[in-house]
Amino acid sequence: MISAGLAVARDGREVAVMSQAEIVEALLDFIGRPSATEAEFEALALRLFAYQFAHNAPYRRFAQQRGRTPLTVRRWRDIPAVPIKAFKDLTLSCCPPDEAERVFMTSGTTGSGRGRSYHPTLAVYDRSMLAGFAARIMRGRQTIRMGILFPDEAALPHSSLAHYLALAKDHFGTEDSAVFVGPGGLALDALLTFLAEAEAAGEPLALLGATYAFVPVMDALAERGRRFALPAGSFLFDTGGFKGQSREIEPDAFYDGLSAAFGVPRSECLNMYGMTELSTQFYDDGNAVCPPVKSGPHWIRSRVVDPLTGQDLPEGETGVLVHHDLAHFNSVSAILTEDAGVIAPGGFRLLGRVEGAASRGCSVAVAEFLAAAQG
Amino acid sequence: MRILEQAGHLPGLPAEAVGRRVVEHRAWGETVGVALPDLREDQAKALCGHVRARARETLRRMETVRIVEAIDRASACLLDRAHPLRRKAEALLPVVTGYDRETVRLGLTSYLKTFRRPQLLRFLAEDFSNPGVLDGFQPAVKGGFVRARGPDLLLHVWAGNVPALPLWSLVSGLLVKAGTIGKLASAEPLTAGWFAHLIAETDPELGECLAVTWWKGGAGGTEATFLAQADCVMAYGGNETLTALRAKVPVTTRFLPHGHRIGFAMIAREALDSRRAGTLARLAAQDIVRYEQQGCYAPQMLFVERGGPVAPDEFARHLAHGLAALASRHPRRRLDPGEAASIAAWRSAHEMRALDGEATLLGDPADPWSVVLLDAATGLSPSGLNRSVAVVAVDALADVPALVAPHRAYLQSAGIAAAPATLFRLAEDLAAVGLTRIAALGRMTAPEAGWHHDGRFSLLDLVTMTEIEASAEAAAEGFAPYAD
């Protein structure tokens, strides 16, 4: 167990280092208070930075290299953000890694190695997920019948998405909710029966899964000339993109396809944007227009920065997203993503991955070089 | 101010019938719209037919020296700073490519000097022991006679944003009397067309045998027509582009690809004394700054030998200083988000290594250059481009061939600063792993006339030889009116 401590700045200012138990308690309390102010967010962010700086040695070196320490940082925006690639190369954890209750790993589809996030307890992750999901996906309703297009936690114990969907199903799914991806892959016939039952019963239904998992279902429906008209109140939920697991479909075509196949308006096609390196998710309010504005709850903040300097870009300019997630307390709360985005009223628009540029001349650039090395 | 410039050179097609696609380029506070030709199917066919016919009818009969004269005069116009096209080039290319004015001005001059008469003769002499084979049958060493013919229709697919780079292959094609159609790169769509206009002004007949156009690569349309009509396709681009293109070229058509490459430099301990190290660092910085490492010959990694009076880390600081000094005279191009992300990704990867003490990043992320010092011998890998470079400390330069060998397919140029014996020893080992060009530091981005690009022959690869065997010649004697 990590205990509390105190560091003293040269100006006599004290920077308290909280214990893990205090952090968890403070976070659970903060998540439960939607009225929390900007100043309270900032105060907690700074306390968390002091905690991570004290107990996460690689992060401390990273921050020191940038001249940022708890004694010099006064605003949450100045807390140094770690590139998400670092989660592959370094062990970023405040607790000893083997004491973690759960380790989530990235799927490893991009590049070598898998990023790891260590969770000494899932209490904060779970509270964060449930609060966000209730507010943005359930939107006042208690339960709904759920079909899940993703393997369960037993099959993928290190997948944060498998855990996320298990939480969704256990807390917000009706008894007859079901998972349709098993060891044999997608159980298409069972899924079609499930959808047909809901259609016949006139009972709303939610279909949740990885973005790429919807593609073979749409293809199969098109092949069979079958369309569903899911009852009013139904919604579709996708996340994670295509990840090379299915063919890529442009967002507008994808949501048109979903809407046509399942008879659900695009405004009820909800997308979640999350990452293994975070403990909080972002949502949109439907994909009637792409790309929609995405936003998260009050314990996460996003910035759009110049990837080179880490400086905030003026509103409206496209840059790289930095997320500051208080709930990701054990690892690093501030991460520099590889996602392009632009700040919009109420949140940000996600513009896909920032691809390293191909060389515009005839020099070989890293992307092509790596592709050849792997191919 | 917004300028609209018509790109390309389209003999035989009425200008008013040609569709155009306008692409805007912005840099240094100015905007240039470039109207790229966008031909219909029938126009593409007509253009191929025109160039092929005129090449057969006139180009074949021209003496090579006449073509040399025309290219020489066109180059002279572009070298003349008072010539309207040269002034236009100096005004528009910085906006189109984003490079600063001085870089463009100096680069153009240094490059165009390669295409004057003496240099063109060197091109010819480099590939042909007797360039007369391009004009008629010449005696062959083994007996009989040989003649070299360029393709009737040579298609160039250019790529990249290095100004005037297409001229190399354009000139090579003309020298072997190929009917020539070039496809402009969107990133630098002007110089090739200007050069073609100058040729046409100088020698209208030659100008009819040469066209410069554009199409959207990989998008169907007229691309298939051009590829099907050509006898030879010379293509530049990344491996993915080249693979896709090769798949569309008929198997009977000669395909000459030039893919993307990586350059590097090596500095021996004997060059690393306090008198020379600073100068070498400045020269290396010039190679890095010129065209922002977009050219295949630019260094992306510098291997620096330990044991000299100036240690690798000190050399890295000299280099950083050199880059900082050049940045004020030649400001870096404005980077687009993808380019900035490439540098950021490269820097952050090294930042992670730095946490374990294996790397030192010099300078601030906001500086318009990045130098990283790697303390352990490290295999060749690309930098983030746009003035980012890794300095790798090695115990002995003899270790470097093994460090670059795995990337044979990407090797091309190395800049070497070493004593003659070392230079030649290293050259042997580097040649063995696939390197094709060694230059002095400061000259990496300015290959000399007659350079064997990627180890190939600029002219010889384009031609087909026709032989009259000695037997035919001897037999012919039997049918001569004077035969006994």
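Results, tabulated for the structure shown:
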{"item": "Among the candidates B:Ala89, B:Ala46, residue that is aliphatic (A, V, I, L, M) and within 22 Å of B:Gln229 (Cβ to Cβ)", "result": "B:Ala46"}
{"item": "Selection status of B:Ser110, in a helix (DSSP H, G or I) and among the small types (Gly, Ala, Ser)", "result": "yes"}
{"item": "Top-ranked residue of the range B:277-306 - restricted to ones that are open to solvent by less than 20 Å² (accessible area, probe 1.4 Å), of a type outside the set (A, V, I, L, M, F, W, C) and assigned to a loop (DSSP other than H, G, I, E, B), ranked as nearest to the other protein chains (Cβ to nearest Cβ)", "result": "B:Gln294"}
{"item": "Leading residue by the ranking (surrounded by the fewest Cβ atoms within 10 Å (Cβ to Cβ)) among those in the range A:286-304 that are touching a Leu at 6+ places or on another chain (Cβ under 8 Å) and touching a residue at least 60 places away in the same chain (Cβ under 8 Å)", "result": "A:Pro291"}
{"item": "Lone qualifier among A:Ser279, A:Ser267 - being hydroxyl-bearing (Ser, Thr, Tyr) and crowded, with 17+ Cβ neighbours inside 10 Å", "result": "A:Ser279"}
{"item": "Top-ranked residue of the range B:212-230 - restricted to ones that are within 22 Å of the chain's Cα centre (by Cα), more than 14 Å from chain A (Cβ to nearest Cβ) and not in a helix (DSSP H, G or I), ranked as farthest from B:Lys113 (Cα to Cα)", "result": "B:Lys216"}
{"item": "Total residues in the range A:353-375, condition in contact with a strand residue (DSSP E or B) (Cβ under 6 Å, 6 or more places away or on another chain) and either open to solvent by less than 40 Å² (accessible area, probe 1.4 Å) or touching a residue at least 24 places away in the same chain (Cβ under 8 Å) (or both)", "result": "2"}
{"item": "Members of the range A:58-73 found to be open to solvent by less than 80 Å² (accessible area, probe 1.4 Å), part of a helix (DSSP H, G or I) and touching a Leu at 6+ places or on another chain (Cβ under 8 Å), listed by number", "result": "A:Pro58, A:Tyr59, A:Phe62"}
{"item": "Qualifying residue in the range B:408-421 (condition: of a type in the set (Val, Ile, Thr), open to solvent by 20 Å² or more (accessible area, probe 1.4 Å) and away from chain A (no Cβ under 14 Å))", "result": "no"}
{"item": "Within the range B:311-344, tally of residues that are open to solvent by 50 Å² or more (accessible area, probe 1.4 Å), more than 24 Å from the chain's Cα centre (by Cα) and within 13 Å of A:Asp306 (Cβ to Cβ)", "result": "1"}
{"item": "In the range A:233-248, the residues that are open to solvent by 40 Å² or more (accessible area, probe 1.4 Å) and modelled with pLDDT of 95 or more", "result": "none"}
{"item": "Enumeration of residues in the range A:33-57 that are buried (at least 18 other Cβ atoms within 10 Å of the Cβ), within 14 Å of A:Trp76 (Cα to Cα) and of a type in the set (S, T, N, Q)", "result": "A:Gln52"}
{"item": "Single residue of the range A:249-264 satisfying the filter (within 23 Å of A:Ala344 (Cα to Cα) and among the charged types (D, E, K, R)) that is least open to solvent (accessible area, probe 1.4 Å)", "result": "A:Asp252"}
{"item": "Failed item in (1) hydrophobic (A, V, I, L, M, F, W, C); (2) surrounded by fewer than 24 Cβ atoms within 10 Å (Cβ to Cβ); (3) in contact with a Pro (Cβ under 9 Å, 6 or more places away or on another chain), with B:Val96 passing the rest", "result": "(2)"}
{"item": "Scope the range B:345-368; condition surrounded by 18 or more Cβ atoms within 10 Å (Cβ to Cβ), in a loop (DSSP other than H, G, I, E, B) and more than 7 Å from chain A (Cβ to nearest Cβ); matching residues", "result": "B:Pro368"}
{"item": "Spans of strands (runs of 3 or more DSSP E) in the range B:124-211 with at least 1 residues open to solvent by 10 Å² or more (accessible area, probe 1.4 Å) and within 14 Å of chain A (Cβ to nearest Cβ)", "result": "B:153-157"}
{"item": "Number of positions in the range B:313-344 that are assigned to a helix (DSSP H, G or I), out of contact with any helix residue (DSSP H, G or I) (no Cβ under 7 Å at 6 or more places or on another chain), within 12 Å of chain A (Cβ to nearest Cβ) and in contact (Cβ under 8 Å) with a residue 24 or more places away in the chain", "result": "3"}
{"item": "Test set (1) within 14 Å of chain B (Cβ to nearest Cβ); (2) under 30 Å from A:Ala210 (Cα atoms); (3) in contact with an Asp or Glu (Cβ under 8 Å, 6 or more places away or on another chain); (4) open to solvent by less than 70 Å² (accessible area, probe 1.4 Å) - A:Leu92 fails condition number", "result": "(3)"}
{"item": "Scope the range A:334-366; condition under 26 Å from the mean Cα position of the chain (by Cα), at pLDDT 80 or above and facing another protein chain (nearest Cβ under 9 Å); matching residues", "result": "A:Leu336, A:Glu338, A:Ala340, A:Val354"}
{"item": "Entirely in the range A:74-184, the helices (runs of 4 or more DSSP H) that have 3 or more residues that are farther than 29 Å from A:Ala201 by Cβ", "result": "A:86-89, A:123-133"}
{"item": "Search result, residues across the range A:185-194 that are of a type in the set (Gly, Ala, Ser) and either touching a helix residue (DSSP H, G or I) at 6+ places or on another chain (Cβ under 7 Å) or part of a loop (DSSP other than H, G, I, E, B) (or both)", "result": "A:Ala187"}
{"item": "Number of positions in the range B:167-192 that are without any contact (Cβ under 8 Å) to a residue 60 or more places away in the chain and not small (Gly, Ala, Ser)", "result": "3"}
{"item": "Within the range B:371-407, considering residues that are within 12 Å of another protein chain (Cβ to nearest Cβ) and assigned to a helix (DSSP H, G or I), the one most open to solvent (accessible area, probe 1.4 Å)", "result": "B:Pro406"}
{"item": "The range A:287-333: number of residues that are part of a loop (DSSP other than H, G, I, E, B), more than 12 Å from every other protein chain (Cβ to nearest Cβ) and under 12 Å from A:Leu350 (Cα atoms)", "result": "3"}
{"item": "Which listed residue, of B:Ala53, B:Ala44, is part of a helix (DSSP H, G or I), closer than 21 Å to B:Ala196 by Cα, of a type in the set (A, V, I, L, M) and open to solvent by 30 Å² or more (accessible area, probe 1.4 Å)", "result": "B:Ala53"}
{"item": "Subset of the range B:374-417 [in contact with an Asp or Glu (Cβ under 7 Å, 6 or more places away or on another chain) and closer than 23 Å to B:Glu448 by Cβ]", "result": "B:Gln412, B:Gly415"}
{"item": "Residue within the range B:450-464 that is open to solvent by 40 Å² or more (accessible area, probe 1.4 Å), modelled with pLDDT of 95 or more and out of contact with any helix residue (DSSP H, G or I) (no Cβ under 9 Å at 6 or more places or on another chain) present", "result": "yes"}
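The values are calculated or read from the model by the stated rules, or taken from the named source; none is laboratory data. Values in this document were obtained by computation on a predicted structure and should not be read as measured data. So basically every Cβ, Gly included, is an ideal-geometry build from the backbone, and we count neighbours across all protein chains shown. Please note that ligands, DNA and RNA were not included when accessible areas were found on the heavy atoms of the full protein model with its side chains. Shrake-Rupley method; radii C 1.70, N 1.55, O 1.52, S 1.80 Å.
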